[in-house]
Amino acid sequence: MNFESVAFVAGDSDAAQRALKLLSATYGGVPVEQADVIVALGGDGFMLETLHRHIDRKIPIYGMNRGSVGFLMNVYREVHLFERLRRAEVVRLHPLIMRVITGSNESHEALAINEVSLLRETRQAAKIRIRIDGRVRLEELVCDGVLLSTPAGSTAYNLSAHGPIIPMGAGVLALTSISAFRPRRWRGALLSHKAKVSFEVLDGDKRPVSAVADYTEVRNVASVEVHEDREVGLDLLFDPEHNLEERILAEQFLP
């Protein structure tokens, strides 16, 4: 894969800004509008911001970790950048699209690369009815919340909520409860990536719920519909020796 022009973008941290200055001085760099690849310097949060910001440009993004976890990032090195870009492997991500109707009948729409989550807003547990492809699968989930995760997001909030890690290309999404009270034994389900998932908030006036697509939040929701948007493709570049599929596999064997 050959790239002739690169744009550098960076998070606000001192480490990311230092890397931005050094790499820009070393390799040049052009505005994003003129680039055929973006190098993002920061952590996973900044990578998500970068993906969202350039989602319509259809331009590949290569991340280097100048943050903390860096699950979506490559190892930071200052040398041989264009050689690494030429050798990089492409992982295509398809985001989830969230469509929300609020209690006041307002509609909202947002994309999620990691997950869509529904969360209680007050001390009262949420009550949520779940439909899969139009069929009620869970009449009433009493919980702190519930989320639907992509494979790329399965090691983020989903894993913290004890959801499964999903290999890239598995063709499934993770539906995971967050502190379920009833049914007490229900922990979630694996769904086809083609599934259309609907959440209906029960008793919303007393038990308000917010819906979050990555970092877009809508409060006091009445219903939420989520499915994978196959028309949107995001290309991430990874070094062959440390690609995203390998990271997801390795994560499952951590002590």
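The values are calculated or read from the model by the stated rules, or taken from the named source; none is laboratory data. Keep in mind that what you see is a predicted model, and the values were worked out from it rather than measured. Ideal geometry is used to build each Cβ from the backbone, glycine not excepted, and the neighbour counts take in all protein chains shown.
Structural remarks
- With respect to the conditions (1) surrounded by 22 or more Cβ atoms within 10 Å (Cβ to Cβ); (2) in contact with an Asp or Glu (Cβ under 8 Å, 6 or more places away or on another chain); (3) within 26 Å of F253 (Cβ to Cβ); (4) among the small types (G, A, S), A126 falls short on a single one, namely (3).
- Just one residue in the set A170, A152, A156 is of a type in the set (A, V, I, L, M), without any contact (Cβ under 8 Å) to a residue 60 or more places away in the chain and assigned by TED's automatic domain parsing to the domain that holds I113; that residue is A170.
- Residues in the stretch 108-128 that are out of contact with any Lys or Arg (no Cβ under 9 Å at 6 or more places or on another chain) and farther than 19 Å from G163 by Cα: L111, R123.
- Verdict on G63 being more than 24 Å from G171 (Cα to Cα), part of a loop (DSSP other than H, G, I, E, B) and either free of Cβ contacts under 8 Å to residues at least 24 places away in the same chain or among the small types (G, A, S) (or both): no
- Pick from the stretch 238-253, criterion without any contact (Cβ under 8 Å) to a residue 24 or more places away in the chain and of a type outside the set (G, A, S), ranking: surrounded by the most Cβ atoms within 10 Å (Cβ to Cβ): E246
- Scope the stretch 20-41; condition out of contact with any Asp or Glu (no Cβ under 8 Å at 6 or more places or on another chain) and more than 13 Å from P60 (Cβ to Cβ); matching residues: L20, K21, S24, A25, Y27, G28, G29, V30, P31, E33, Q34, L41
- Filter pass, R207 being basic (K, R) and either at pLDDT 95 or above or more than 26 Å from G45 (Cα to Cα) (or both): yes
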